[in-house]
Each structure stands twice: as structure tokens, then as C-alpha cells.
Amino acid sequence: MSEMELRVSKIKDGTVIDHIRGGYALDVIKILGITGKDKRVMTIAINVPSKRFGAKDIVKIEGRALNPQEVNRIALVAPHASINIVKGYKVVEKLEVKLPETVEGIIKCVNPCCISNSGEPVVSKFYLKTQEPLLLKCHYCGITLDEADILRHL
Ligand code: CTP
Ligand code: ZN
């Protein structure tokens with residue numbers, strides 16, 4: 001048994017989000033809209049030693065398989081995360097996160113004058129400009145958001 005397994009136990013059914021950049025687990029939780037108030041069992045490990053990344057975060061959500069939209073949302077904050085769907089203690093599916101071409105309703109525009117911030121019933125919408133570095137362009141006002149903007153406006 002590895003040191004990691006001693007630290008965080010295996011789950012029976014649910015989703016394991018692994019290889020999250022060290023320190024970004026809470027952003028992953030936030031982008032998924034998970035609050036912990038739904039009584040679901042979750043385990044969050046932050047900055048555990050990893051061969052591949054130096055330090056990584058892991059999020060385990062019991063009793064819930066993420067859908068593809070949720071999986072892709074994670075790419076905005078953890079582009080190298082791997083998603084493992086667990087059933088009966090076995091990993092039955094591994095998914096790679098992939099940045100969506102358009103992002104709707106998750107991030108707020110940084111421009112206070114943008115129509116999406118005016119109180120009108122307008123859902124925010126962004127286009128993926130570049131992946132590395134991560135840049136999104138607002139559909140309504142054309143402003144560009146970088147990674148720091150995105151993390152601040154989740
Ligand atoms: N996991 C878990 N509960 C299970 C099975 C797996 O919490 N019942 C977790 C493991 O601890 C690991 C992740 O799910 O963090 C992926 O499991 P597995 O594919 O067995 O590990 P690796 O082969 O190391 O995966 P990778 O190649 O993606 O690193
Ligand atoms: Zn805007």
C-alpha cells in the first residue's frame with residue numbers, strides 16, 4: 001500500500017478527481033458548485049507529494065458520477081486533472097478533462113459595465129481564446145479574462 005493510500009482511503013462508488021495542481025482542489029469544488037451541504041461524503045487532499053507534479057490535490061466525491069459538462073468545467077482550473085469513475089471499489093472509467101469552446105454561466109465577466117453584469121437576465125458567455133495560457137473572451141463586451149481573473153470570478 002502506498003503512502004498516499006494510507007493517507008486517503010479508497011471509495012466504493014463515486015468520482016475521484018486526481019492530479020489536480022497542488023492548491024487548486026477548492027477551486028475545483030467551487031466550479032462544480034459543490035457546497036458540502038448536501039450531506040455527501042467528500043474527501044479533499046491538498047498538496048500531497050506526487051511523482052508527476054511535485055504536489056497534487058485529490059478530490060473524492062462519494063455516491064456521485066460527474067457528468068461530461070462538469071468534467072469539462074474542471075479543465076478551467078485544473079487542466080491536467082484525471083477523472084476516475086469508481087463502482088464497487090473499482091475504477092470503471094477514466095476521463096480526461098477537456099476545455100470547452102464556450103463557457104456559459106460559470107464565470108462572471110470582469111467588466112462591471114458588461115451587460116452580463118447589469119442585472120438583466122443575461123447568462124455570461126465566453127469563448128476559449130487560447131489554452132496555454134488560458135484566455136477567455138467575453139461574448140458580450142469582448143474583454144479578455146486570464147487565469148487569475150477566472151479564479152477570482154468563479
Ligand atoms: N481510487 C479510490 N477508490 C477506489 C479506486 C481508486 O479512491 N476504489 C483512487 C486512487 O486512490 C487514485 C485514483 O482513484 O487516486 C485512480 O485510481 P487508479 O486508476 O487505481 O490509480 P492509478 O493507476 O495510479 O491512476 P493514474 O494512472 O491515473 O495515476
Ligand atoms: Zn463581458
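The values are calculated or read from the model by the stated rules, or taken from the named source; none is laboratory data. None of these values were measured; they are calculated from a predicted model. All Cβ positions, even for glycine, are placed from backbone atoms using ideal geometry, and neighbour counts span all protein chains on display. Keep in mind that these areas ignore ligands, DNA and RNA; they rest on the heavy atoms of the full protein, side chains included. Shrake-Rupley method; radii C 1.70, N 1.55, O 1.52, S 1.80 Å.
The residues of the range 14-96 present an accessible area of 53 Å² per residue when probed at 1.4 Å with all protein chains retained. Measuring nothing but how far apart in sequence close Cα pairs (under 8 Å, 6+ apart) lie, relative to its length, the chain scores a relative contact order of 21 percent.
Sorted largest first by accessible area at a 1.4 angstrom probe radius, with every protein chain in place, the residues Leu99, Leu151 fall in the order Leu151, Leu99.
Listed by chain and number, the aspartates and glutamates whose alpha-carbon sits under 14 Å from that of Lys98, ignoring those within fewer than 8 places in the same chain, are Glu70, Glu132. Separation of the alpha carbons by more than 28 angstrom is noted, of Lys10/Lys56; Lys94/Lys137; Lys10/Lys39; Lys51/Lys94; Lys39/Lys90, for Lys94/Lys137.
Annotation note: chymotrypsin sites (Phe, Trp or Tyr not before Pro) in the range 44-153 located in DSSP loop regions with a Cβ neighbour count of at most 11 within 10 Å are Tyr89.
The reciprocal of the average 1/r between distinct C-alpha atoms defines the Kirkwood hydrodynamic radius, which for the chain equals 16.5 Å. Placing Leu135, Leu76 in order of accessible area, with the largest value first and a 1.4 Å probe, yields Leu135, Leu76.
Computing Rg and the Kirkwood Rh from the Cα coordinates of the range 102-152 gives a ratio, Rg/Rh, of 0.94.
Label separation (Phe53 vs Glu101): 2.8 nm, computed from points 7 Å beyond Cα along the C-beta direction.
Taking 0.36 nm per residue of sequence separation and removing the Cα-Cα distance, the Thr144/Cys113 pair yields an extension gain of 9.8 nm. Heavy atoms of the protein chains alone define the surface here; on that basis the range 102-152 has 59 Å² accessible area per residue at 1.4 Å probe size. Within the accessible surface of the range 102-152, defined with a 1.4 Å probe on protein heavy atoms only, the carbon and sulfur portion equals 51 percent.
Spin-label model, Ser82 to Thr43: label points 7 Å out along the Cα-to-beta-carbon direction sit 1.8 nm apart. Applying 1/(1 + (r/R0)^6) with R0 = 22 Å to the Cβ-Cβ distance of Leu154 and Glu93 gives a FRET efficiency near 0.25. Within the straight-line cut-off of under 13 Å between alpha carbons, none of the aspartates and glutamates are reachable from Lys37, sequence neighbours fewer than 8 places apart in one chain being disregarded.
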